[in-house]
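Undergrad: One structure, pasted below without further comment.
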Amino acid sequence: MLVSLLAVLGAALVSPTRAVLPRHAFPVAASINDAQILGALSILNAAMIEAAELGSSKASSQAVRDYANMLLSDHRASQQEGDTLAMRLGITPALPPDKSMASEHIETMARLNQRSGAAFDRAFMEAMVEDHERVISTVNADLLPKASNAELKAFILKLQPTLNKHEQVGREWLDSHKS
């Protein structure tokens with residue numbers, strides 16, 4: 001279902017000349033409901049899964065491939081858990097009002113696909129650290145506070161340590177591979 005959400009959002013993108021947004025968090029509408037929160041989480045997981053699949057297959061460094069495989073495993077598990085939660089709650093994940101999460105992911109994937117070797121490894125790790133920083137900020141500032149269902153809030157809280165670990169491991173790699 002996530003891949004289809006990305007496809008729908010990709011098809012609905014505005015022109016690439018859109019205004020540049022601050023990079024601290026993904027934009028979220030002032031009013032977002034639980035269905036849209038589940039949809040946003042699905043989009044974020046799908047984006048991370050797609051990027052991790054690319055990293056797993058294209059990285060030149062074993063450490064970067066291992067990191068990508070960790071992301072792949074964790075975000076697939078999160079995706080499955082989110083889908084199961086949505087079914088249990090009887091909520092159909094909905095597209096969030098803002099389409100920038102998907103458009104920025106498409107731009108990131110295009111940049112990554114243009115690189116190879118050590119340049120890919122660095123670009124991939126930089127993108128994953130930045131994306132995880134933004135996801136963490138979005139979760140903390142918008143998704144968690146705006147979730148109304150207690151089980152959804154618990155699910156979001158459960159995701160936080162894994163997201164923090166992803167950001168930390170990526171940052172440690174970047175710190176040890178300064179250019």
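Taken together, the values in this text are just the output of simple stated rules run on the coordinates, not laboratory data. None of the values given here were measured: they were computed from a predicted structure. Cβ: placed from backbone, ideal geometry, glycine included. Neighbour counts: every protein chain shown.
Undergrad: Work out the FRET efficiency for K178 and A63 from their Cβ-Cβ distance, taking R0 = 25 Å, and round it to the nearest 0.05.
TA: Efficiency for this residue pair is about 0.95.
Undergrad: While we're here: What FRET efficiency, computed as 1/(1 + (r/R0)^6) with R0 = 25 Å and r the Cβ-Cβ distance, is obtained for E130 and N33, rounded to the nearest 0.05?
TA: So, using R0 = 25 Å, E works out to roughly 0.35.
Undergrad: Points 7 angstrom from Cα along the Cβ direction at A154 and A119: gap in nanometres?
TA: 4.9
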